[in-house]
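Step one of this worksheet: look at the structure below.
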Amino acid sequence: MPVSDTVARDDTDAEGDRLPINELFASLQGEGKLAGVPSTFVRTSGCNLRCWFCDSFHTSWEPTHAWLSLDEIVAEVESLSPEHVVVTGGEPLVHDETDALLSALDDDYHLTVETNGTLETDAPVDLASISPKLASSTPTPDNAPDDVDPGVWTERHENARVDLGALASLVEDAAEFQLKFVVTGRDDLDEIESLVDDVRGVADREIRDSDVLLMPEGQTREQLARTRTEVADLAASFGYRYTPRLHVDLWNDAPET
Ligand SMILES: C[S@@+](CC[C@H](N)C(=O)[O-])C[C@H]1O[C@@H](n2cnc3c(N)ncnc32)[C@H](O)[C@@H]1O
Ligand SMILES: Nc1nc2[nH]cc(C(=O)O)c2c(=O)[nH]1
Ligand code: SF4
Ligand SMILES: [Mg+2]
C-alpha cells in the first residue's frame, strides 16, 4: 500500500476523514486484562511521545503509513472476524479522526484503546488501556534506538509524559480501564506508587490495585526473558497485577502480530 512518512495531512484532500494507518491485522490480544482474546488491531501512525524502547518504531521515531478513509478501515475490520477491536498506535488519540472511527465501530465491536494517557477522548471506549510513561521511558543519547538522535525529544517527552487531568478523564469515562505500566526494574516502582496515588487523588472512580498492571519491558523474547521474572516478583510483592506480553512470547517481534 502507498506509504508516506509524514503524519501531516494534506488539507486540500477532499475525500473525507482519513487516518494514517501503519498496520491493520487480526491476532490475539497480547497484553492486559483481555490477554488471549482474538482481536483486530488498528495501528495508527504518529505519536506525541518518544519512548526509547518503543516497540512500534515506525509509528513514533520513523512514522510510515497509508492514509485510509474511515470507510476503508471499517470495511477492513469487518472483513476480519474478531468481535474485539484494539485501536492503538503510535498514539491513536493524537488524531481527531480516531474519535469518529471509534463511534463508527461502537455498535458492533468491543473497543479497546491503547493510549499513553496524555490525551482525552469523547468517544465510546469499552476498555481504556492506559500506559502512562515513567521517567525510565525518556529517550537520551545513550538509550535511543540505533541511528537516532533524540535531540529535542528528551525534553519534550519528559515534559509531556504525564497529564493527570487526561489520566483522570480516561479512567472516569471508559466502561472499564487498566493502568498498564512498562517496567524496566525495581527503580520504577516508587514512581508507579506515587503516580497511582496521584491519579486516585484526582479521578472520581475507584482504582483497585488489580486495575494496576505491571508489564515487563522487552521488544523481543530475549529481552523479555531478562525482565519478566523480576517484574512478576515485583507485582506479587506490591500486590499489583502482572501482564505478560503473549504476542512476544508467541511470535517474537514479527510485524502484524
Ligand atoms: C506501541 S504502544 C501504542 C499505544 C500508546 N502509544 C501507548 O504507549 O500506550 C502499545 C503498548 O506497547 C507498550 N510498549 C511499547 N514498547 C514496549 C516495550 N519495549 N516493552 C514493553 N511494552 C512496550 C506501550 O507501553 C503500550 O502499552
Ligand atoms: N498481539 C498484540 N497485542 C497487543 N496489545 C497491545 C498492542 C499494542 O501494540 O498496542 C499489541 C500488539 O501489538 N499485538
Ligand atoms: S507513547 Fe506509545 S507509541 Fe509513543 S513512543 Fe511511547 S510506546 Fe511508542
Ligand atoms: Mg504492540
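Before moving on, here are some points about what is shown:
- At an R0 of 30 angstrom, the distance between the Cβ atoms of R208 and D142 translates into a FRET efficiency of 0.20.
- D96-A254 pseudo-label distance in nm [points 7 Å out on the Cα-to-Cβ vector]: 4.0 nm
- Ordering A174, P139, A75 by Cα displacement along the dipole of the chain toward the positive end leaves P139 in first place; charges were set at the Cβ atoms of Lys, Arg (+1) and Asp, Glu (-1).
- In terms of overall dimensions, the chain has a Cα radius of gyration and Dmax of 17.5, 55 angstrom.
- DSSP bridge analysis restricted to the chain gives an antiparallel fraction near 35%, rounded to the nearest 5.
- If only the Cβ of Lys and Arg carry +1 and only the Cβ of Asp and Glu carry -1, the dipole of the chain around its Cα centre is close to 880 debye.
- Cα-based helix-to-principal-axis angle, 164-173 vs the chain, degrees rounded to 10: 70 degrees
- Note on E222 and A135: the extension gain reaches 29.0 nm, defined as 0.36 nm multiplied by sequence separation minus the Cα-Cα distance.
- Table column - 3J(HN,Hα) (Hz), the range 183-190, Karplus curve with 6.51, -1.76, 1.60, x for Gly and Pro: 10, 9, x, 4, 4, 6, 5, 5
- Most mobile listed residue (R18, R186, R241) in the chain, GNM with C-alpha springs under 10 Å: R186
- Dipole axis of the range 18-251 (+1 Lys, Arg; -1 Asp, Glu on Cβ), positive-most option in Q223, T44, N22: Q223
- Amide H contacts under 5 Å for Y242, placed H, 5+ residues apart: L214
- Among S210, S45, S136, residue whose mean-square fluctuation peaks in a GNM of the chain (springs only between Cα atoms under 10 Å): S210
- Shown is the FRET efficiency for D108 and E172, computed with R0 = 22 Å from the Cβ-Cβ distance and rounded to the nearest 0.05: 0.35.
- If you model the range 62-159 as an ellipsoid using its alpha carbon gyration tensor, with each semi-axis the square root of five times an eigenvalue, the axes come out at 30, 16, 12 Å, biggest first.
- Inter-part distance where the range 102-138 and the range 153-214 are each reduced to a Cα centre, Å: 13 Å
- Karplus 3J(HN,Hα) series, Hz, for the range 105-117 with 6.51 cos²θ - 1.76 cosθ + 1.60 (x for Gly, Pro): 8, 4, 5, 10, 9, 7, 10, 9, 10, 8, 9, 7, x
- Amide H within-cut-off set for T44, under 5 Å, with H built and near neighbours excluded: N22, T88, G89
- Along the range 221-238 the Karplus relation, 6.51 cos²θ - 1.76 cosθ + 1.60 evaluated at θ = phi - 60°, assigns HN-Hα couplings of 4, 5, 5, 5, 4, 7, 10, 5, 5, 4, 5, 4, 4, 5, 4, 5, 7, 8 Hz to successive residues, with x for each Gly and Pro.
Read-outs throughout are calculated quantities, based only on the coordinates presented, and are distinct from any laboratory measurement. A quick note: this is a predicted structure, and the numbers were derived from the prediction, not measured. Backbone-built Cβ (ideal geometry, glycine too); neighbour counts: all protein chains shown.
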